[in-house]
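Working notes for the structure below.
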Amino acid sequence: MHRLLVALLAALDAVLAAAGGIAVVLAPLALLWVAGLGGNPDWSALWPATAAIWHLGHLVPLAVTLPDTYLAATGIDPSLASFTLSLAPLAFAAFTALFAARSGVRAAEAGAGITGWLSGSLVFAAIASVVALTGNAALVASETWLAILLPSLLFFVPSLLGAIVGAWRVGDDGPIDALRGQLSRLPGAWASVPPLALRGLALTTLGLVGAGGVVVVAGLIARSTQVIGIYQASNADAIGATVIALCQLMYLPTLVLWAVAFIAGPGFAVGTDTAVTPAATQVGALPGIPVLGAIPDTTSPWLLLLVLLPVGIGALTGWILRSRMPLTTDPEPVGPRLVLAIVVAALTGGVGALIAVASTGAIGPGRLAHTGPEPGPLALALGLEVLVGLAILLLSPRFGPAVDDDTTPRPHEETRDEAPAFSFTPARARAVRPRRARHRARPHRVGTGRRDRPRRLAEFVSRPRRDRPGGRAQRRRGARAHPRGVGEARRRRFGGAGLSVTRSAGSDAPA
């Protein structure tokens with residue numbers, strides 16, 4: 001695909017990613033402005049509110065200042081009038097990151113990964129700059145440079161990773177292919193360690209996020225009575241209940257990451273001097289948010305078994321990675337397997353630290369200025385637990401017969417010395433030949449890839465019509481190759497030796 005077209009499509013992806021996130025906020029707020037506020041709402045505050053929520057969803061901290069009239073009406077201490085809101089609803093960040101990664105993969109598969117990555121990143125940064133420069137207000141404001149940098153990074157980094165993954169799949173005739181060539185020259189089993197380490201990181205991350213989602217659903221079901229009670233105590237009307245539900249839905253990925261910290265052991269905090277862990281829970285008074293009713297008041301010793309989930313995820317990952325390592329007739333070296341287990345565990349610990357950083361922040365003044373897990377303990381716990389599971393299956397001996405490239409049959413081959421029970425061949429032909437492989441490795445033919453399609457199409461069009469495959473010249477050459485004509489050759493080929501077709505004089509029907 002032409003590089004200009006790839007750049008335009010990547011720019012369109014960036015526009016859709018930014019516009020989609022903004023529209024998800026702007027549409028409900030517009031309905032709230034019309035139906036909820038009534039009278040004569042201040043439409044000038046709609047865009048700053050939308051920009052503030054979009055920025056918060058992209059990890060930009062907000063400085064909130066409550067007006068004096070609101071403080072007088074509610075009786076809030078004036079010392080708490082200004083605070084920072086930084087706990088991000090990660091649904092916006094996840095949407096942007098997934099959209100960016102998919103855009104990078106498509107650009108790389110089209111043969112212009114760097115072009116698509118740069119185009120999409122620059123367009124998204126331009127949109128983030130416009131939102132940052134036009135979205136500040138007196139009540140809610142953010143640092144302009146952070147409002148530009150953080151959303152741009154949330155598109156820049158996933159798009160780059162997607163471009164690398166796409167180039168690894170299809171090749172790029174550049175640095176990725178050179179890196180693949182360097183890795184293939186590593187001795188023995190070391191060549192498979194880097195790609196298997198990245199595959200293991202993807203498996204452990206997916207497993208931990210899935211386990212966190214299961215824990216969140218289980219907690220909501222187990223403590224549904226408390227959640228419904230908080231909803232009823234809020235005395236919200238239909239519009240208020242809808243707004244609360246939408247806000248909690250945007251924070252659902254954040255709750256999943258809190259659940260990952262919970263099953264890992266260190267847990268998370270919901271305010272200063274609080275802790276929610278499988279071993280003990282100390283929370284005190286919680287904000288009147290219905291979803292926080294899923295946090296248990298007390299814990300049971302059985303909850304300590306949740307720590308086995310990361311170990312099991314590590315063991316499953318180790319089994320998958322071990323099955324993809326090459327088989328040898330010699331004793332398997334321990335070094336590559338040990339390095340693979342350590343690297344995957346270290347990368348998983350890094351993901352744990354990233355999870356803690358993304359899901360930590362402030363949700364209000366005072367003691368609510370600290371919520372979420374701590375990066376250090378979570379990274380250490382996840383790394384060690386996953387390492388134990390990986391070591392169980394990666395470092396254990398492999399059971400089963402060794403594979404010999406010369407004498408041992410492959411799984412898709414079969415050799416026999418005797419005739420099968422159901423044989424209708426003569427006795428002298430009872431010996432059964434080895435069955436050929438069902439799937440053969442086809443040799444690579446130069447000039448048959450996706451990149452060579454325009455050249456082959458141009459060559460086809462430039463040839464005279466009579467010389468094209470199936471043209472008149474080729475049909476004549478095929479007719480001259482058979483002295484009796486093409487029709488007789490077809491009848492001999494498909495009709496068989498004992499079938500003759502004749503025509504009677506004056507009749508067109510076969511006799």
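The values are calculated or read from the model by the stated rules, or taken from the named source; none is laboratory data. Owing to the predicted nature of the structure, the values given are computational and were not obtained by experimental measurement. As a convention, Cβ positions derive from the backbone with ideal geometry for all residues, glycine included, and neighbour counts pool all protein chains shown. Protein only, heavy atoms only, side chains kept; ligands, DNA and RNA dropped before computing areas. Shrake-Rupley method; radii C 1.70, N 1.55, O 1.52, S 1.80 Å.
At-a-glance table
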{"quantity": "Residue count for segment 298-325, restricted to those that are open to solvent by 80 Å² or more (accessible area, probe 1.4 Å) and closer than 16 Å to S192 by Cβ", "calculated": "3"}
{"quantity": "Residue in segment 155-172 that is free of Cβ contacts under 8 Å to residues at least 24 places away in the same chain, of a type in the set (S, T, Y) and touching a helix residue (DSSP H, G or I) at 6+ places or on another chain (Cβ under 8 Å) present", "calculated": "no"}
{"quantity": "Residue satisfying condition, being closer than 30 Å to L304 by Cα, modelled with pLDDT of 90 or more, in a helix (DSSP H, G or I) and open to solvent by 50 Å² or more (accessible area, probe 1.4 Å), within set L257, L203, L208", "calculated": "L203"}
{"quantity": "Condition broken by T74, with the remaining ones in (1) of a type in the set (V, I, T); (2) buried (at least 19 other Cβ atoms within 10 Å of the Cβ); (3) modelled with pLDDT under 85 satisfied", "calculated": "(2)"}
{"quantity": "Count of residues meeting criterion [farther than 17 Å from G318 by Cα, in a helix (DSSP H, G or I) and either among the polar types (S, T, N, Q) or open to solvent by 40 Å² or more (accessible area, probe 1.4 Å) (or both)] in segment 185-200", "calculated": "1"}
{"quantity": "Single unsatisfied condition, T84 versus (1) in contact with a strand residue (DSSP E or B) (Cβ under 8 Å, 6 or more places away or on another chain); (2) surrounded by 17 or more Cβ atoms within 10 Å (Cβ to Cβ)", "calculated": "(2)"}
{"quantity": "Restricting segment 137-184 to residues that are among the polar types (S, T, N, Q) and either open to solvent by less than 30 Å² (accessible area, probe 1.4 Å) or not in a helix (DSSP H, G or I) (or both), the residue that is farthest from G120 (Cα to Cα)", "calculated": "S142"}
{"quantity": "Given (1) among the hydroxyl-bearing types (S, T, Y); (2) at pLDDT 85 or above; (3) in a helix (DSSP H, G or I); (4) open to solvent by 50 Å² or more (accessible area, probe 1.4 Å), index of the condition S79 fails", "calculated": "(2)"}
{"quantity": "Qualifying positions in segment 272-287 - open to solvent by 60 Å² or more (accessible area, probe 1.4 Å) and not in a loop (DSSP other than H, G, I, E, B)", "calculated": "Q282"}
{"quantity": "Test: residue in segment 86-98 that is assigned to a loop (DSSP other than H, G, I, E, B), over 17 Å from the mean Cα position of the chain (by Cα), modelled with pLDDT under 90 and over 19 Å from L26 (Cβ atoms)", "calculated": "no"}
{"quantity": "Flag for A11 being modelled with pLDDT of 90 or more and either out of contact with any Cys (no Cβ under 9 Å at 6 or more places or on another chain) or surrounded by 12 or more Cβ atoms within 10 Å (Cβ to Cβ) (or both)", "calculated": "yes"}
